2 protein chains.
Amino acid sequence: MSLQFEIEANTGKARTGRLITAHGEVETPVFMPVGTLASVKGVPQDLLEELGIQILLGNTYHLYLRPGVQTVQQLGGLHRFMAWPRAILTDSGGFQVFSLNDLRKVSEEGVAFRSHLDGSSHLFTPESAMSAQIGLGADIIMAFDECTEYPAERARMQQSMELTLRWAARSKRYFEQHKEEVPWSGVRHAASGARQCNPTVGNRRPEAGSSQALFGIVQGGMDHALRKESAERTVEIGFPGYAIGGLSVGEPRDMTRDIVESTLEHLPAEKPRYLMGVGTPEEIVEYAHLGIDMMDCVLPTRAARHGLLFTSEGKVSIKQARYAADEQPPDPNCGCRVCRRYSRAYLRHLYASNEVLAQVLNTVHNLSFYLDTMRAVRHSIRLGAKAPFLSSE
Amino acid sequence: MSLQFEIEANTGKARTGRLITAHGEVETPVFMPVGTLASVKGVPQDLLEELGIQILLGNTYHLYLRPGVQTVQQLGGLHRFMAWPRAILTDSGGFQVFSLNDLRKVSEEGVAFRSHLDGSSHLFTPESAMSAQIGLGADIIMAFDECTEYPAERARMQQSMELTLRWAARSKRYFEQHKEEVPWSGVRHAASGARQCNPTVGNRRPEAGSSQALFGIVQGGMDHALRKESAERTVEIGFPGYAIGGLSVGEPRDMTRDIVESTLEHLPAEKPRYLMGVGTPEEIVEYAHLGIDMMDCVLPTRAARHGLLFTSEGKVSIKQARYAADEQPPDPNCGCRVCRRYSRAYLRHLYASNEVLAQVLNTVHNLSFYLDTMRAVRHSIRLGAKAPFLSSE
């Protein structure tokens, strides 16, 4: 069994439940912090655990370039490499190739691109993207897709959607033939040398027979009919979970919501549904209430690096001089280890002085705020009530 | 009472004991990590506590420029500002003016210099350096001195030593007249508003009547007779502790040791003795065995940022490609939270990928190694045995 998904409660379209992966359970709806290069920038793994993070997202494109799939694979896979024993999801690399490579060339075979690091030439195909993700060994991996640009003509949206569907079938085919090659799979690596570090960290042996789960991705641009078609035909191919891709690419937020809502109608209720690349705290609450189970976004971590804190009282731009003598905690209603200990004045000083600790502390707080937000959403779904964000509006 | 120093055991010239400050006890010999701008770069304060750090060093020059003494003072002093309830020592600013300002002008009054940040003009005098250090409110503060450059003619060394002696007397005079102005001193601030963050952190009220302790600094260049004279005349002025300054400025290590050894003979055994700006793990062990009680150095933290780890097996330059697939912990004999969890391969990847977590983890390990080293030194002094470093040589 690759993945179990158990829905525990429904409220309206929203649901709360559990994803059971080879590396532990994940309560849903879940926000997945982004650990691009096998690290959530600046935050040690034990602090991530303390925050209650149950699943991290890694970027295949970045890990493929550094340290390379082979290195990670030889070292036992991403969990063991980064000493993270809980669940991991990797994207397919498709979105990064789309967003970081102006010179990419898309063909039926795949996407040729140049490394943003050294200009070297590479080719991602559905097969090579699956091979990379099997080597990295995340619990949930993603079909290789083309993220349609916005705006786009309908013909372009359709052509791109068709390509993604053909690539989805190829992704699934390759995955089914090679899924036993995951570094932590059952027998194959049972005799490999024991890690000399604490063997209980990042090295817990998944249950025998457990494997990765491959999710399909719905595309179709901003067209309702194409989204419906993409959803139905992706479901026909058949995956243990479905993602909605191609959103948050510059379109207005109303349109995002509109597409999410209509696409969800065509995805099976019993499978996990993952909205890629969103969003603000308000948005993740809203999407959870539309029936989304999984989300990821660089926003909390990236904003932290730019001195932007998410708080129960709204956004706080901690770099501002107005906080230079402010003895209050960043968020008076937050119980995270940053808000328990430090003042806005101190965080402002760290940011203004380019101290690395600013990034560490701001990131810990923002992640804590996101995790607390999703905890509240799950709680309110369980209670059958509306979420705090929605009810206060 | 400003400071108590209790010697608990002697072995040869070495001694182990306790400094009792207004913000807790410090076991000696002690290595004091440097927190230049009210932060040990990249490491949250709770991790510093976990490492067993009992005293941090802050740099008056840097804090004077950012966030400014007045800001720190208004916020209750450095302990409360940076949420660090344990002991702090600040330097006088003299050394940074010496090392960061090529355009400084030294006169009888003090040192005129330009900020390395914005070129603005400033003047440090013994009185203003004391005022700044009283405003910052460290437990131990340092007399304003001139750090003699190396190499220097004897006449220059003597003239510089005389200036430092006159400044020491002025420092003490100003301090005695103003020491009640420390932000956490007894009654004066008792009615100030309670911090809204956890009031137990960085805000523990020192015992009534406790105050800062001002240490004198011995100069005299690399001349034994001048060092002797400087020590004797500084002791005549009278301080609760004495530092040896003007070393680690480019002279050979044999000369450093030689000067330390001869200077110590002229410092009172019952007072704490602080060797400023050293050193490697081997050096701090050696100096502790010569009878030094306190040391500080940027080496463990700065080296960490450059990918250099101190380990029980020697230095490890973690950036090297040879560690790319090395599953061993950074130091197989270290029990710190980095060595318990992560492999060399992972740390190498973080460094090679410019991940901020590299700095965080490398710094935690190096500080742990330094703290463990001093723990072992204290233990071996207590046991009356030779230190591990010396006995293995």
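Below, the figures for the structure above:
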item	result
Per residue, in Å², the accessible surface of the protein assembly as shown once ligands and nucleic acids are set aside, probe 1.4 Å	37 Å²
9 Å beta-carbon shell around A:PRO29, net charge (K/R +1, D/E -1)	0
From phi via Karplus (6.51, -1.76, 1.60), per-residue ³J(HN,Hα) for the range A:113-118 in Hz, x at Gly/Pro	8, 10, 4, 6, 8, 9
Average other protein chain Cβ within 10 Å of Cβ, residues B:31-41	3
Radius of gyration, Dmax [the protein assembly as shown; alpha carbons; angstrom]	30.0, 92
Whole-number percent relative contact order across chain B, with pairs defined as alpha carbons under 8 Å at least 6 apart	18 percent
For the range B:37-145: relative contact order, % (alpha-carbon pairs under 8 angstrom, 6 or more apart)	29 percent
Per-residue average of Cβ from other chains inside 10 Å of A:73-84	3
Solvent-accessible area, 1.4 Å probe, carbon plus sulfur percent, for the protein assembly as shown	49 percent
For A:VAL249, net neighbour charge (Lys/Arg +1, Asp/Glu -1) across residues whose Cβ lies under 13 Å away	-3
Under the Karplus curve 6.51 cos²θ - 1.76 cosθ + 1.60, θ = phi - 60°, whole-Hz ³J(HN,Hα) for the range B:250-266, x wherever Gly or Pro sits	x, 6, x, 5, 4, 5, 4, 4, 4, 5, 4, 4, 6, 5, 4, 4, 9
Evaluated at q = 0.16, 0.29 Å⁻¹: base-10 log I(q)/I(0), Debye formula over Cα of the range B:94-161	-0.61, -1.33
Mean Cβ neighbour count within 10 Å, used as a protection proxy, ranking A:303-315, B:297-309 highest first	B:297-309, A:303-315
Binned Cα-Cα distances of the range A:241-363, short to long, each 5 Å bin given as a whole percent	2, 11, 19, 18, 13, 11, 11, 9, 5, 2, 0
Cut-off under 5 Å, modelled amide H: who pairs with A:ILE244 long-range	A:VAL218, A:TYR274, A:LEU275, A:MET276
Summed buried accessible surface, chains A and B, 1.4 Å probe, nearest 100 Å²	4100 Å²
Gyration tensor verdict on chain B (Cα atoms; rounded if a/c is under 1.5, prolate if a/b is larger than b/c, oblate otherwise)	rounded
For the range A:1-130, alpha-carbon Rg over 2.2 N^0.38 Å	1.20
Inter-chain shielding of A:336-343 (mean C-beta neighbours from other protein chains, 10 Å cut-off)	6
Using a Förster distance of 56 Å, the FRET efficiency for A:GLU27-A:LEU117 (Cβ separation, nearest 0.05)	0.95
Under-27-angstrom lysine pairs by C-alpha in chain B, whenever the two are 8 or more apart or on separate chains	12
Note, ³J(HN,Hα) from phi for the range A:123-133, Karplus 6.51, -1.76, 1.60, rounded to Hz, x at Gly and Pro	10, 9, 10, x, 5, 6, 5, 5, 4, 4, 6
Within the range A:80-132, GluC sites (Glu not before Pro) in DSSP loop having at most 12 other beta-carbon neighbours inside 10 Å	A:GLU108
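The values are calculated or read from the model by the stated rules, or taken from the named source; none is laboratory data. Worth saying up front: this structure is predicted, and the values here are computed from it rather than measured. As a convention, Cβ positions derive from the backbone with ideal geometry for all residues, glycine included, and neighbour counts pool all protein chains shown. Only protein heavy atoms, including side chains, enter the accessible area calculation; ligands, DNA and RNA are left aside. Shrake-Rupley method; radii C 1.70, N 1.55, O 1.52, S 1.80 Å.
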